[in-house]
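Comments concern the structure below.
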Amino acid sequence: MIRLAIVSPCYNEEEILATSTARLTQMLDTLAVGQKISPDSFILYVNDGSHDRTWEIIARLHGENRYVKGLNLTRNTGHQNALMAGMMTAKDMADAVVTIDADLQDDITTIPKMIEAHTKGYDIIYGVKVHRAADPLLKRLSATAFYRLQKRMGVESIYNHADFRLMSRRALDLLAEYKERNLYLRGLIPILGLPYTTVDDVINERKAGTSKYTLGKMLTLALDGITSFSVKPIYGIIWLGMIFIIISLAIGIDVAQALITGTAVPGWSSLILSIWFVGGTVLISIGLVGAYIGKIYNEVKGRPLYNVKDVLGLDEETADVQ
Ligand code: UDP
Ligand code: MG
């Protein structure tokens with residue numbers, strides 16, 4: 001029988017926590033009665049610097065529900081870091097950790113399937129979205145484009161998987177060895193190279209509260225998902241430069257011809273157009289190189305990914321309270 005931990009990051013989730021806890025509790029009870037998991041399995045909520053009553057609610061739930069434990073981070077560090085905080089805290093107390101968003105948009109009935117796959121010897125079981133009708137059209141389209149781009153850039157990642165997964169303690173111990181500051185777990189975990197499988201996951205609508213992933217957060221994550229794993233974009237700039245030079249050579253022939261025949265070269269607007277186009281491309285390229293330098297800057301500083309303020313139902317030592 002395995003001791004299971006469910007790790008869930010929470011950022012301003014006061015509206016949904018009680019419902020989510022009730023659903024998870026029911027599932028854990030059933031699994032414990034069926035002797036699929038040990039009765040001391042638990043739910044670990046990571047409060048990622050919420051501005052609402054999330055932490056008070058976690059504390060209340062901890063008081064009335066034996067499964068609930070809590071980790072309170074000092075400030076908002078983002079979904080990926082909050083997940084890391086939860087996983088690293090839970091790993092020494094559990095045999096397997098399932099990470100899931102607090103809104104339970106993922107289908108929790110796939111958790112027993114994940115456990116089954118884990119007992120068969122898989123270290124990592126990815127929940128893969130097979131039905132994303134509940135996600136807005138724009139989100140679905142941009143996700144598809146993003147996965148394609150990632151693949152082209154040579155980043156290993158699981159199509160349509162978004163941080164709903166089970167990891168064994170062995171996998172988490174290996175993950176702990178990766179010290180990078182710009183976390184993109186969906187790209188990092190496949191690199192571990194452990195046996196994995198997938199289970200189908202149906203995405204439901206958010207029952208309460210709103211999405212905490214702003215467009216900005218989503219774009220940053222997408223950029224991290226590529227730049228943390230691939231330097232192909234920088235090589236892309238070199239290729240682009242070469243293409244521009246070839247084009248300018250072709251234009252040069254045209255200009256030379258006009259000089260020989262003594263006619264003026266027409267095309268003021270095409271000149272401006274190309275200046276702006278090349279200018280824009282150069283700026284984007286410098287920005288891209290800057291993005292990599294910024295990453296190096298963050299890595300070199302080596303600041304902690306998160307700091308823990310308070311814990312509930314955990315020993316302070318495990319949670320590394322600062
Ligand atoms: N989240 C977090 N920190 C943040 C943003 C989000 O811990 O800065 C959590 C959030 O509480 C939720 C999960 O990450 O449990 C996913 O967020 P959300 O459901 O809002 O994203 P969506 O499903 O809309 O992509
Ligand atoms: Mg959600």
Taking segment 22-39 and keeping residues touching a residue at least 24 places away in the same chain (Cβ under 8 Å), more than 16 Å from ligand 2 (Cβ to nearest atom) and surrounded by 14 or more Cβ atoms within 10 Å (Cβ to Cβ) leaves T25, M27, L28, L31, K36, I37, S38
Counted residues in segment 119-144 being at pLDDT 90 or above and loosely packed, with under 15 Cβ neighbours inside 10 Å come to 3
Of (1) modelled with pLDDT under 90; (2) surrounded by fewer than 11 Cβ atoms within 10 Å (Cβ to Cβ); (3) assigned to a helix (DSSP H, G or I), P266 satisfies every one except (3)
Exactly one of R66, R169, R75 is more than 16 Å from ligand 2 (Cβ to nearest atom), among the charged types (D, E, K, R), at pLDDT 95 or above and touching a Gly at 6+ places or on another chain (Cβ under 7 Å), and that one is R75
Whether any residue in segment 230-251 is within 16 Å of ligand 1 (Cβ to nearest atom), in contact (Cβ under 8 Å) with a residue 40 or more places away in the chain and not in a helix (DSSP H, G or I) is what I want to check.
no
Can you say whether A18 is more than 11 Å from ligand 1 (Cβ to nearest atom) and touching a Pro at 6+ places or on another chain (Cβ under 6 Å), as far as the supplied structure shows? no
Among the residues of segment 94-145, the number that are of a type in the set (F, W, Y) and under 30 Å from L215 (Cβ atoms) is 1
Answer with yes or no whether V311 is surrounded by 14 or more Cβ atoms within 10 Å (Cβ to Cβ) and in contact (Cβ under 8 Å) with a residue 12 or more places away in the chain. yes
Across segment 38-72, the tally of residues that are over 13 Å from L17 (Cβ atoms) and small (G, A, S) stands at 4
Any residue at all in segment 40-62 that's under 29 Å from T119 (Cβ atoms), in contact with a helix residue (DSSP H, G or I) (Cβ under 9 Å, 6 or more places away or on another chain), free of Cβ contacts under 8 Å to residues at least 60 places away in the same chain and small (G, A, S)?
yes
Pairs returned, first residue in segment 1-15 that is assigned to a strand (DSSP E or B), second residue that is of a type in the set (G, A, S) and within 15 Å of ligand 2 (Cβ to nearest atom), beta-carbon separation under 6 angstrom, 6 or more apart or interchain, are S8/A102; P9/A82; C10/A102
Worksheet entry | Condition check for T144: more than 24 Å from T77 (Cα to Cα) and either within 14 Å of ligand 1 (Cβ to nearest atom) or touching a helix residue (DSSP H, G or I) at 6+ places or on another chain (Cβ under 7 Å) (or both) | no
Residue set G209, G154; condition in contact with a helix residue (DSSP H, G or I) (Cβ under 8 Å, 6 or more places away or on another chain), at positive phi and surrounded by fewer than 20 Cβ atoms within 10 Å (Cβ to Cβ); output residue G154
Across (1) more than 16 Å from ligand 2 (Cβ to nearest atom); (2) under 19 Å from A94 (Cα atoms), V46 clears everything bar (1)
Residue set I226, I237, I284; condition surrounded by 14 or more Cβ atoms within 10 Å (Cβ to Cβ), under 23 Å from A143 (Cα atoms) and of a type outside the set (G, A, S); output residue I226
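The values are calculated or read from the model by the stated rules, or taken from the named source; none is laboratory data. Just so it is clear, the structure is predicted and the values come from calculations on it, not from any experiment. Glycine also receives a Cβ, built like all others from the backbone with ideal geometry; neighbour counts cover every protein chain displayed.
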